[in-house]
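Have a look at the structure below, then the notes.
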Amino acid sequence: MEYKFSNHSMDKISKRNIPVELIDEVLKFPEQQYNENGVEIYQGLVEIENNEYLLRIFVNEEETPCNIITVYFTSKIDKYKAKL
């Protein structure tokens, strides 16, 4: 998938120290993917410093290239994996 980062997502990636390689990995091989209110959400489990987190990536696929709206880690894995 070809994508670009919104200014908001770039800011959040920087502040949250999210490696772009992890974003690329989850976009290529998501554990879950679903659409919510017209926004595609990609999710994947990642391990950071021996702790497991869910990386959530919100993408507007109506744009070309796809626009990454925001990205974040959450420890509330069960809450968000239960969305499906």
Restricted to the stretch 64-84 and to residues being among the hydroxyl-bearing types (Ser, Thr, Tyr) and in contact with a Ser or Thr (Cβ under 7 Å, 6 or more places away or on another chain), the residue modelled with the highest pLDDT is THR70
Of the residues in the stretch 39-56 that are touching a helix residue (DSSP H, G or I) at 6+ places or on another chain (Cβ under 9 Å) and either of a type in the set (D, E, K, R) or in a loop (DSSP other than H, G, I, E, B) (or both), the one that is surrounded by the fewest Cβ atoms within 10 Å (Cβ to Cβ) is GLU52
Can you say whether ILE57 is in contact (Cβ under 8 Å) with a residue 60 or more places away in the chain and closer than 20 Å to LYS4 by Cβ, as far as the supplied structure shows? no
Taking first residues from the stretch 61-82 that are within 15 Å of ARG16 (Cβ to Cβ) and second residues anywhere that are assigned to a loop (DSSP other than H, G, I, E, B) and not hydrophobic (A, V, I, L, M, F, W, C), the pairs with Cβ under 7 Å that are 6 or more apart or on different chains are ILE68/SER6; ILE69/SER6; TYR72/ARG16; PHE73/ARG16
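Residue-by-condition table, conditions (1) surrounded by 13 or more Cβ atoms within 10 Å (Cβ to Cβ); (2) within 11 Å of the chain's Cα centre (by Cα); (3) farther than 23 Å from LYS81 by Cβ:
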| site | (1), (2), (3) |
| --- | --- |
| SER9 | yes, yes, no |
| LYS15 | no, no, yes |
| GLU21 | no, no, no |
| LEU27 | yes, yes, no |
| PRO30 | yes, yes, no |
| ASN37 | no, no, no |
Considering the stretch 57-79, residues that are part of a strand (DSSP E or B) and more than 13 Å from VAL39 (Cα to Cα), and then whichever is nearest to the chain's Cα centre (by Cα), we arrive at TYR72
Expected single match for on the phi < 0 side of the Ramachandran plot and either at pLDDT below 95 or not hydrophobic (A, V, I, L, M, F, W, C) (or both) among ASN60, ASN50, ASN17 is ASN60
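The values are calculated or read from the model by the stated rules, or taken from the named source; none is laboratory data. Bear in mind that the values here come from a model prediction, so they are computed numbers and not experimental data. Please note: Cβ atoms are built from the backbone with ideal geometry, for glycine as well, and neighbour counts cover all protein chains shown.
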